[in-house]
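Undergrad: Here it is, the structure, as structure tokens.
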Amino acid sequence: MTTTSRWRALTHHHLFWPVAVLIALLLVNVPFTPDFFSIRMTDGHLYGSLVSIVLFGSPLILVAVGMTLVIATGGIDLSVGAVVAITGALTCSYISDQADQNTLSAVFLAMGIGLVAAVVCGLWNGFLVARMGIQPIIATLIIMVAGRGVAQLITDGQIITINSEPYKLIGGGYWLTLPFSVFVVAAVVAITVALTRRTALGLLVESVGGNAEASRLVGIRSTRIKIMVYMFCALCAGIAGLMISSNTSAADGNNAGLWIELDAILAVVIGGTSLLGGRFSIGGTVVGALVIQTLTTTIYTIGVPTQTNLVFKAAVVIVVCLLQSPKFRAKVFGAKGPKGPRQDVAPAEPAPAADAAPKMEVSR
């Protein structure tokens, strides 16, 4: 294999352009923050810009991983931001009512209540999509709108603050010098990859996304698969809600997880998963989420004005998506070959006309 063919194969890999953009965004920060890549140890904890990107990007990675499986089935989940708010509101509300907020049993029970509520939301979405046949964007829009109101009802329209050291560990604590949320994300990603790539589950999800009716006809229970992925997506959003509320030691029913569903969808698309369903990439989604979080960090680092940061973010995302398009790369970077017939191939002889009369031999 020549160097050119190796480079061509590398650039055609589905992770090449997302990784290239991630590296480029990281390098852009160096002129503005010379010690951007430096990592220091303070009080037994690792600190630095790279650590902060992974720390603050952990909730987005979790939501995007769950969103990947939903999109792989041909659906979409707009309710994950509301699920984040509901989970954080329920958990912090229960902890705030305890006489001793540092009791492990109370913290675990509060987390369990929040996660159960998240799974119930996912079950409701899956029921509407798979059983009732409602379009996913409409079915999940219900909780996206109503969920914020539910979170506001739980918190009475106020920001609930807590002071619980055990709960603080989930989103803002450290373990083995690294943020604890990194280990949570790594565990969720590892379990997801093991279930979807080491078992037949991933193939079933892709088959349902490719053609749900054909999958049903060959014996695959597409309804059950869809309900399951919506529940898993809500569970991931619930864990992200625990991280966000834990990191701030507060529950904000109005702003927690606001627009995280859009960032999650962008992360999935940047990672190479098609919105039409079918094949998906968990690794690509993780890289896509890191691209989104790095872009957010870059916006603040280079000093983009607050009123234009969303426009700047959208422009970068458009560039990333265009670079991933084979047609766009072929038109911009690829050379067009000649449109005429190849000169080294002799033209084929014309076939006889269909209406020509057959020749007859006359015997003498």
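Undergrad: What number of residues in region 26-70 are open to solvent by 40 Å² or more (accessible area, probe 1.4 Å), part of a helix (DSSP H, G or I) and of a type outside the set (Phe, Trp, Tyr)?
TA: 5
Undergrad: Give 181, 222, 215 a once-over and let me know the one that is within 30 Å of residue 44 (Cα to Cα), surrounded by 18 or more Cβ atoms within 10 Å (Cβ to Cβ) and either in contact (Cβ under 8 Å) with a residue 12 or more places away in the chain or in contact with a helix residue (DSSP H, G or I) (Cβ under 8 Å, 6 or more places away or on another chain) (or both).
TA: 181
Undergrad: Okay, moving on. Taking the condition of a type in the set (Gly, Ala, Ser), at pLDDT below 95 and within 25 Å of residue 230 (Cβ to Cβ), does residue 146 pass?
TA: yes
Undergrad: Which of the following residues is modelled with pLDDT of 90 or more, within 16 Å of residue 234 (Cβ to Cβ) and open to solvent by less than 60 Å² (accessible area, probe 1.4 Å): 110, 186, 117, 194?
TA: After applying the criteria, what remains is 117.
Residue-wise test of (1) part of a helix (DSSP H, G or I); (2) of a type in the set (Gly, Ala, Ser).
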{"residue": "4", "(1), (2)": "yes, no"}
{"residue": "24", "(1), (2)": "yes, yes"}
{"residue": "76", "(1), (2)": "no, no"}
{"residue": "82", "(1), (2)": "yes, yes"}
{"residue": "88", "(1), (2)": "yes, yes"}
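Yes/no matrix, rows are residues, columns are (1) of a type in the set (A, V, I, L, M); (2) open to solvent by 50 Å² or more (accessible area, probe 1.4 Å); (3) more than 25 Å from the chain's Cα centre (by Cα):
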{"position": "166", "(1), (2), (3)": "no, no, yes"}
{"position": "170", "(1), (2), (3)": "yes, no, no"}
{"position": "206", "(1), (2), (3)": "no, no, no"}
{"position": "226", "(1), (2), (3)": "no, no, no"}
{"position": "235", "(1), (2), (3)": "yes, yes, no"}
{"position": "238", "(1), (2), (3)": "no, no, no"}
{"position": "241", "(1), (2), (3)": "no, no, no"}
{"position": "247", "(1), (2), (3)": "no, yes, no"}
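Yes/no matrix, rows are residues, columns are (1) open to solvent by 20 Å² or more (accessible area, probe 1.4 Å); (2) in a loop (DSSP other than H, G, I, E, B); (3) closer than 19 Å to residue 50 by Cβ; (4) among the β-branched types (Val, Ile, Thr):
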{"position": "254", "(1), (2), (3), (4)": "yes, yes, no, no"}
{"position": "261", "(1), (2), (3), (4)": "no, no, no, no"}
{"position": "264", "(1), (2), (3), (4)": "no, no, no, no"}
{"position": "272", "(1), (2), (3), (4)": "yes, yes, no, no"}
{"position": "279", "(1), (2), (3), (4)": "yes, yes, no, no"}
{"position": "283", "(1), (2), (3), (4)": "yes, no, yes, no"}
{"position": "293", "(1), (2), (3), (4)": "yes, no, yes, no"}
{"position": "299", "(1), (2), (3), (4)": "no, no, yes, yes"}
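The values are calculated or read from the model by the stated rules, or taken from the named source; none is laboratory data. It should be emphasised that the depicted structure is a prediction, and the values quoted were computed from it without experimental measurement. No Cβ is skipped: glycine too gets one built from the backbone with ideal geometry, and neighbour counts run over all protein chains shown. What goes into the accessible areas is simple: the full protein's heavy atoms, side chains included, and nothing from ligands, DNA or RNA. Shrake-Rupley method; radii C 1.70, N 1.55, O 1.52, S 1.80 Å.
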